[in-house]
């Protein structure tokens, strides 16, 4: 029965199968390309945000006092309400940057992308460890409406770990 098939009966399904194979191959390539483009866009946006943080620090060096232990803190001791509001706004700038980047960054445990997303997590952990202003914002009840759950979860994990280290052995 199979031997009774004409060449035209075989060519049609064969061409369809080859076309489907090509479609799957090119769809996979398009998916990888789109993912690379999205990752590159995220990297560029994150760098723009870092440049904004840098510009703020250059234009107002007292903003380094966002970190609890920094030489500028003891040198300036600016407790004016205006500067404290500026300092809080600078902390929000950091948190909003982390909010965007960490939510979109790849899982730090995944292969070749590990280093890039790990750097952002380390930067976030360093900031919350050294900045009581930043921690204060994250501790506020309204923080659940202002920041994504991923960022808040990371902060809670950091806090739990930090409290464990603070306890006497």
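No lab work stands behind these numbers, since they all come straight from the coordinates. Bear in mind that the values here come from a model prediction, so they are computed numbers and not experimental data. Note that each Cβ is placed from the backbone with ideal geometry, even for glycine, and that neighbours are counted across all protein chains shown.
A few comments on the model shown:
- Neighbour counts of other Cβ atoms within 10 Å put 34, 134, 43, 127 in the fewest-to-most order 34, 43, 127, 134.
- Rounded to 10°, Cα long-axis angle of helix 114-130 versus longest principal axis of the chain: 20
- Helix 7-59 axis, angle to the chain major axis (alpha carbon atoms, nearest 10°): 10
- Helix 149-166 axis, angle to the chain major axis (alpha carbon atoms, nearest 10°): 50
- Within the set (i) 67, 20, 14; (ii) 53, 19, 13; (iii) 25, 18, 16, the number that semi-axes √(5λ) of the Cα gyration tensor in Å takes when calculated for this structure is listed as (ii).
- For the chain, relative contact order (Cα pairs under 8 Å, six or more residues apart, normalised by length) works out to 19 percent.
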